[in-house]
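Encoded as C-alpha cells, the structure appears first; notes follow it.
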Amino acid sequence: MRKIVITALLCLMTSVTLLSQVKDTIPGSPLTDHGSRLSHFTLAFGAGWSHYFANMDLVPARNVQKDFIGTSFRFMWEPEYRLSLGLETGFYRIFRVDSTLTAEYSMKSRMNVVPLFLVIRMRIVDNFYLSIAPGLALQYTKITGIGPEITSHQFSMANFEATASYFYPISKLFLAGGEARLMYFGKTDDLMMSFNAVFAVKL
Amino acid sequence: MKKYLFALLCLALLMAGCNKSKEVTVPSVGPNSILNETYPLSNPSRMMMDGIYTVNSGNDLFGDQVVIKWSRLKMTIMCSNGRYFVLEAGQLDSVVILQGYWRYCYNDNTGAVAAYIGREEGGADIVNASGRSQGIIIRGGYGLSGNVGNEPLQFTYLRPISPAVLNKHFSILAHRSGGRTSDHLPVSENSIAMINFTEGLGSTGIEIDVQLTADGIPVLYHDADLNIRLTQKGPLSGPIKDFTYAQLFYLVRLIHGERLPTLREALLFTVDSTLLTDVYLDMKEKVPTMSAVIPIQKEMLQRARDKGRELNIYIGLPSADAITDFMNQPGYKDIPSLCELTTDDVQTVNSHVWAPRWTEGTQNDLVALMHSQGRIAWTWTLDDVDWIQQYISDGHFDGILTNYPFIVGYYHYMREN
C-alpha cells in the first residue's frame, strides 16, 4: 500500500514536472511576484504533526509510538518560472518503542532523523505547489534500559520526499500556509508523513 | 503521452528495485511424507551411496554426471552446472526412499524431489551395507517452479569417488557459514542455523565473519551496520559496534529470525554438533580484536581435541593492521592463523594458511613454496563454475572458499586423483 501511494505521488510529481517549462513565465505567483525584491530567495520554516507508518518485523505496530512534532526548514531559489529549486532540512522523530523485554530488562528506543533534501518545486496554480526531493539523511538511534545508554547514528543515502504546499501571502514579504509531506528513508525502509504549518519570508 | 509512459516506467522500476529481498520457499512433498514411515540408514549404508552417477533421465537440467555425497544429516547431489539436490533418506522393507529438493544457485529455480532405490536395484545392498555399490539405480521425479512434479529422474551408479581424492585433505569452505542472504537460502548467513545447514550443501569447512560489540563480545555478522538486508526490521539500526551484546540479543533478529550468535556459541556448535573440519574466522573489525578472539579459539581447539574431533580454527589476517594486532599477542607464532596478504607476511607471522584472493590467479609456484614450508593454501571467494573448474584442474590449492560449495564439491570429487 505504501509503495502504491509513493508511486502515485511520484507519478503525479513527475508528470507535472515534465510539462513544467512548456509555457513561459507566468506572473502572479505569491512566491515569484518579486516586485521590488532584491533577490529570488525564500526561507521557510514549518512545524507540525508527523506520523510514522510502522513496519517493524520485531515490534507490533500497536507498540510503536508513531506520532510526534516535526520541524522543517527550507531555502528556495525562485526564478520567475513555475519551477524552483532549494534545499530542505528538518528534524523528525521517526518512532519510539518502549518495551518490557524480561522481568530484568525494559527498553526505550528512539529514532530521529535529520534529512537534507534537494527540492524541485513547481507551482501548479496560484498559491499551490508540488515538490519532489531526493536527498540524504542522518538517522540517530538512542537506546536506554539495556546496559548503558547508547546513541548510534548512520547515514541513509537513498531517500525521497514528496510535498504539497499551500502559501497565502500575508504581506509583501511574508507568507503563511501548510504543507503535507511524505518522506521515505531507504536505509531503514521507513515511511512517514507530516502536516506542517509553514511560515515563509522572501529575502 | 510517451513522456507519461516513460516516467511511469522509470518510477515502476525504481520502486520495484527497492525490494529488499525475495523469499524462496524450500519445496516440500508435504506433511504426509512417506519418510515419516521409514527407518534411518546406518552410516555404512549411506557411505555406499557416495559416488559418481550417470544421469539417465533429467540430464537436460542436471548434466550427464552427478556426484552423490552424504554429509552428517543429508545427501547432497552435486551437478556440474550449479544445480544441486539436498535430500533426506530412509529405508522401508529394503527400499531406500529419498525426498527433498533441487535448487539452481544462480537464480531461484527449485523444485521438490521424490525418488527411491528399489530392492533389486541396490536397495537391499544399501540397507544391508553389503559394500556393493555397483548397480545402484535411483529412480524418481522432480518438480519445476517450486512444485512437486513428475519430471522423470534416473541416476545410475558409475564409480566410487577416488580414494586418492577422499584421502586428500581438500577444504570446501562455505562463505558466511554457508552462503549469502542474497542467495535466498532458507536460513540466515552467519547463524547457528546456517552452520547446521551448510554440510548439506557439501561444505567441509566454514568462513564466518567476526566483529566486536560495544562491550567486547565477538559476534558473527558481516556488514558494518545493522540493516534490513541482513536483519529483520526492528528498533535498532546503526553500526553494530555501537551496541552491547545484550541489546543485540534482545532487539535484533537475523533475516530468517535467528539470534545473532556469539563467536563462542558458533564454535561450540561447530565442535559439538557438526563434522566440519575447518573454520576461517574473518576478522571484520579495524579495531584490535585479537585479544577477545584468541582465548575462544584456544578453548574450542582444546574442546575439539578432547572430543577427538579433527578441527582447525584459523584467525584471519586480512590487513596490515590485523597483523600488527596479531603480533602484539604473546606467542602469536603458535596461534593458528590464516594470512590473506603476501607469502612474506605469512612467514613473518608463521600463519598455517596462505589465502590469496582468487583473482590473483592459481599462483602454483607460490602455493608450492607454501607447501614446501609445511603450510597450506586456500583461495577466496570463487563462485563461477568455469573458474572453479579451472582452479581445481590447474591449481594446487588445498581449499576453496565459495558461496556454492556443491560446485566446488562436484569438480573436486570428480577428480581421479
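The values are calculated or read from the model by the stated rules, or taken from the named source; none is laboratory data. This one's a predicted model, so the numbers in the text were calculated from it and none came from an experiment. Cβ placement follows ideal geometry from the backbone for every residue including glycine, while neighbour counts extend to all protein chains displayed. These area figures cover heavy atoms from the full protein model, side chains too; ligands, DNA and RNA do not enter into them. Shrake-Rupley method; radii C 1.70, N 1.55, O 1.52, S 1.80 Å.
B:ARG259 exposes around 100 Å² of accessible area when a 1.4 Å probe is run over every protein chain in place. The GluC sites (Glu not before Pro) of region B:21-114 that meet both conditions, a loop assignment by DSSP and at most 12 other Cβ atoms within 10 Å of the site Cβ, are B:GLU23. The fraction of accessible area contributed by carbon and sulfur in chain B is 52 percent, rounded to a whole number (1.4 Å probe; ligands and nucleic acids excluded). With a cut-off of 10 Å between beta carbons, the residues surrounding B:VAL165 carry a summed charge of +1, where Lys and Arg count +1 and Asp and Glu -1. Each Lys or Arg adds one and each Asp or Glu takes one away; over the other residues whose Cβ falls under 9 Å from the Cβ of A:PHE195, this sums to 0. Nearest-5 percent of antiparallel DSSP beta bridges in region B:166-413? Roughly 20 percent of the beta bridges in region B:166-413 run antiparallel, per DSSP. Each stretch of four or more DSSP H residues adds -39500 (n - 2.57); spread over every residue of chain B, this sum gives -8000 deg cm²/dmol at 222 nm.
Buried on complex formation within region A:148-164 (loss of at least 10 square angstrom of accessible surface versus the isolated chain, 1.4 Å probe, ligands and nucleic acids ignored): A:PRO148, A:ILE150, A:SER152, A:HIS153, A:GLN154, A:PHE160. For B:THR289, tell me the accessible area in Å² from a 1.4 Å probe, rounded to the nearest 10. Rounded to the nearest 10, that gives 10 Å². Its Cα centre serving as origin, chain B has a Cβ charge dipole (Lys and Arg +1, Asp and Glu -1) of approximately 680 debye.
Treating r as the C-beta distance of B:ASN32 and A:ARG62 and R0 as 35 Å, the FRET efficiency rounds to 0.40.
Solvent-accessible surface of protein heavy atoms, probed at 1.4 angstrom with all chains present, puts A:ILE69, B:ILE217 in the order A:ILE69, B:ILE217, largest first. Both chains summed, the buried accessible area for B and A stands near 2800 Å², from protein heavy atoms and a 1.4 Å probe.
Taking label points 7 Å from Cα along the Cα-to-Cβ direction, A:LYS172 and B:LEU158 give a separation of 9.2 nm. Using the Cβ-Cβ distance between A:THR151 and B:ASP93 with R0 set to 60 Å, the FRET efficiency works out to roughly 0.35. Scaled against 2.2 N^0.38 Å for its residue count N, the alpha carbon radius of gyration of region B:247-346 is 1.17.
Largest GNM mean-square fluctuation among B:THR213, B:THR270, B:THR204, using chain B with Cα springs under 10 Å: B:THR213.
A simple count of charges around B:TYR413, restricted to other residues whose Cβ falls under 10 Å of its Cβ and scoring Lys, Arg +1 and Asp, Glu -1, yields +1. The simple Förster model, with R0 at 41 Å and r as the Cβ-Cβ distance, assigns B:ASN128 and A:LEU101 a FRET efficiency of 0.15.
Taking the DSSP beta bridges with both ends in region B:174-264, the antiparallel portion is around 90 percent. Shape call for the protein assembly as shown from the C-alpha gyration tensor, a ≥ b ≥ c root eigenvalues: rounded (a/c under 1.5), prolate (a/b greater than b/c) or oblate? The shape class here is prolate. Taking all protein chains together and rolling a 1.4 Å probe, A:ASP189 ends up with roughly 30 Å² accessible. Remark: the A:LEU43-A:LYS108 segment gains 19.8 nm on full extension, using 0.36 nm per residue and subtracting the alpha carbon distance.
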